[in-house]
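Heads up: the structure comes next, in structure tokens.
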Amino acid sequence: IGGSALRLWAWAHIRPWKGKCLVQSGPYAYCRHPLYLGSLMALLGLGAIMQNTLFFVGSVILCAGTYAVKICIEERNLDARFGAEWRSYVLRTPLLIPRRPDGEPSVPNPTAHVFAAASELPGAIMFLALAVCAELAERFM
């Protein structure tokens, strides 16, 4: 649930500003890729709920590999687009493991647009429903 909540917060926070400026506030002040972190956390939680080591290890390896490639591509694109501003952000903000930000973020807080997150809600509900179905399937099989 924590991973899904982080993912929802990060998505709602960046949505109004995506493609317009380099967002460095909200969850993006704590790490550069909170959407991926939220997904990994949700996956770890699902693996723990299912208590299936094969699913857990396989999913983590598959997602970690996929995200590693995606992050490299995204970071290269962001560097090309935002230049010195991006490089400064990289120096003070960790990749995935969050830490308390230094100073004030340089972008206004777009979390006020949290109602835009309503379109992400069905995905979050579907993810939680999948976890419940997996647990029920395991109990009755």
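The values are calculated or read from the model by the stated rules, or taken from the named source; none is laboratory data. Just so we're clear, the structure is a prediction, and the values are computed from it rather than from any experiment. Using ideal geometry, Cβ is built from the backbone for each residue, glycine included, and neighbour counts are taken over all protein chains shown. When the accessible area is computed, the model is the full protein with side chains, heavy atoms only, and any ligands, DNA or RNA have been set aside. Shrake-Rupley method; radii C 1.70, N 1.55, O 1.52, S 1.80 Å.
Summary of values
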read-out	value
Exposure of Ser39 as accessible area (Å², to 10), given a probe of 1.4 Å and all protein chains	30 Å²
Rg over Rh [alpha-carbon atoms, Kirkwood Rh] for the range 10-69	1.09
Hz values of 3J(HN,Hα) by residue in the range 66-71 - Karplus curve (6.51, -1.76, 1.60), Gly and Pro given as x	4, 5, 4, 5, 4, 5
Estimated vicinal HN-Hα couplings, Hz - the range 80-87 in sequence order (Karplus 6.51, -1.76, 1.60; Gly, Pro = x)	5, 7, 10, x, 4, 4, 5, 4
Cβ-Cβ FRET estimate between Arg76 and Arg15, R0 fixed at 25 Å, reported to 0.05	0.65
Inter-label distance, nm, simple model (7 Å from Cα along the C-beta direction), Ile1/Ile49	1.0 nm
Ranking by accessible area, most exposed first, for Glu85, Glu75 with a 1.4 Å probe	Glu85, Glu75
Accessible-area value, Thr93, 1.4 Å probe, nucleic acids and ligands omitted, Å²	10 Å²
Added length on full extension, which subtracts the Cα-Cα distance from 0.36 nm per residue, Arg92 to Cys63	7.9 nm
Accessible surface ranking that places the most exposed of Cys31, Cys72 first, with a 1.4 angstrom probe	Cys72, Cys31
